[in-house]
Amino acid sequence: MPVSRPRLSTEPFDSPLPSIHWTEAGKDFSVLWRSERGAPPPRRVTLADDTTTADTAYRLACEGTALLWRGDFHNATQLLQAMARRADKTPARKQRKSAKESTRAVSPADTFHQYRQAQSQRARILGLLLIPFNADYGIALRRAPDARQACAEAWGPVGAAAGPSVASLRELLGIIGAHEWRKKGVEIPALGDAPNNRIHPHYGVFSPVRGEYVSLVATAALPVTGQTRFVAFDIGTGTGVLAAVLARRQIEHIVATDQDPRALVCARENLTRLGVTGQVEVVHADLFPEGRASLVVCNPPWLPARPGSSLESAVYDEDSRMLLGFLSALSAHLVPGGEGWLILSDFAEHLGLRSRADLLAAFERGGLRVVDRIHAKPRHPKASDASDPLHEARAAEVTSLWRLTAA
């Protein structure tokens, strides 16, 4: 079936998005630039098609030149895979350098920062293979999938921004993958029997694939406070999974908070689908809602490092802002005898990014004492992948539910 090329223009669109510019057939063109990771539009753009070799594409991308694809969509995905294989090869000079460094001690923190730097560089290079979109998010390429619904979920309804656009193929594939996860959902055994035990993560909202921490919240003994009405807070609810688990435990009233608009929409949809909106109230808040609770649950990002984009904010917590904010204000939001449940991996400790002494000192500063600590080993595939640069830390990782109360 023939495809239509996007309408190109030299006029700026009325949109908060930046524009990407290039020359084609002797004319200058400009369309909207989309990057959920916040990458700026590339300054140098060349056209690429089915005749472009992987070596050429990889060399241009390494030099900072973006490739706007004009060929078959499936060939573009194959080219991206070939570029990824080249990016993952360690050049001989780097192997020699690594061999020299292996003779001297390299700290786990240094290994982590080098790993992040390498991943960032890889993402930058692979993100320079670009795909054109029509104004309705249709992809004007041969054999392109119909990704309009997936793009609308990530970028907003059609019509929210005017005109055609360009985005990286790598980002598009991530958007399509997120769309499939949203349709299929993630099975959460702690929510009961199928089919009413699935959480459907939205694009940009952290998926609850680490089931060990959900199981901890599902099985830990609830505090006995003597309150006539048991109220719980779920701080940073994300998909709403922990609020849903608490609702399944027959807690009368749960307030789930988040400051990310995507998370708020995602949580409300999941809780509605699970039929627990009568117990759970979802509110926009930076950490705590008003009032006090018998139980306050928080699963903050586990690594105290700067996120590379908003999409990484569920993994990286710069300067431990969320963790320390939660601990410093927790006691003021607990009823007498109430507990705060902090779900936290010790992965950062094994990486040398935070010490156990630092964590215990934060408890003390917040006027908190530890009632108990329940822990579980991770079950994700990377924990047993010896080829992972961070394997040693991953293999030693333990996820804990810290039961805290006012000292």
- Query: Going by the conditions given, is VAL231 over 28 Å from TRP181 (Cα atoms) and among the hydrophobic types (A, V, I, L, M, F, W, C)?
  - Reply: yes
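Counting only residues that are in contact with a Cys (Cβ under 9 Å, 6 or more places away or on another chain) and in contact (Cβ under 8 Å) with a residue 12 or more places away in the chain, give me the strands (runs of 3 or more DSSP E) lying completely in the range 178-294 with at least 3 of them. Walk me through it before giving the result.
Working: elements: 231-235, 253-258, 280-284.
Where strands (runs of 3 or more DSSP E) fall fully within the range 178-294 and carry at least 3 residues being in contact with a Cys (Cβ under 9 Å, 6 or more places away or on another chain) and in contact (Cβ under 8 Å) with a residue 12 or more places away in the chain, they are 231-235.
Is it true that THR219 is touching a helix residue (DSSP H, G or I) at 6+ places or on another chain (Cβ under 9 Å), outside the structural domain of LEU172 (by TED's automatic domain parsing), among the hydroxyl-bearing types (Ser, Thr, Tyr) and more than 24 Å from GLU312 (Cα to Cα)?
Details: touching a helix residue (DSSP H, G or I) at 6+ places or on another chain (Cβ under 9 Å): yes; outside the structural domain of LEU172 (by TED's automatic domain parsing): yes; among the hydroxyl-bearing types (Ser, Thr, Tyr): yes; more than 24 Å from GLU312 (Cα to Cα): yes.
Against the criterion (touching a helix residue (DSSP H, G or I) at 6+ places or on another chain (Cβ under 9 Å), outside the structural domain of LEU172 (by TED's automatic domain parsing), among the hydroxyl-bearing types (Ser, Thr, Tyr) and more than 24 Å from GLU312 (Cα to Cα)), THR219 qualifies.
With SER294, SER355 as the choices, which residue is at pLDDT 95 or above and closer than 19 Å to HIS113 by Cβ?
Working: SER294 fails: closer than 19 Å to HIS113 by Cβ.
One residue alone meets the criteria, SER355.
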- Message: Would you confirm, using the coordinates I've provided, whether GLY163 is surrounded by 16 or more Cβ atoms within 10 Å (Cβ to Cβ), at pLDDT below 95 and not in a helix (DSSP H, G or I)?
- Response: yes
- Task: Please tell me if ARG379 is touching a residue at least 12 places away in the same chain (Cβ under 8 Å) and more than 21 Å from ASP317 (Cβ to Cβ).
- Result: yes
- Please work out which one of (1) without any contact (Cβ under 8 Å) to a residue 40 or more places away in the chain; (2) within 22 Å of ALA332 (Cβ to Cβ) is the condition ARG403 fails and give its number. (1)
- Item | Test set (1) under 16 Å from SER168 (Cβ atoms); (2) in contact with a Leu (Cβ under 8 Å, 6 or more places away or on another chain); (3) surrounded by 13 or more Cβ atoms within 10 Å (Cβ to Cβ); (4) at pLDDT 95 or above - GLU36 fails condition number | (4)
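The values are calculated or read from the model by the stated rules, or taken from the named source; none is laboratory data. Values in this document were obtained by computation on a predicted structure and should not be read as measured data. Here Cβ is always computed from backbone atoms with ideal geometry, including for glycine, and neighbour counts include all displayed protein chains.
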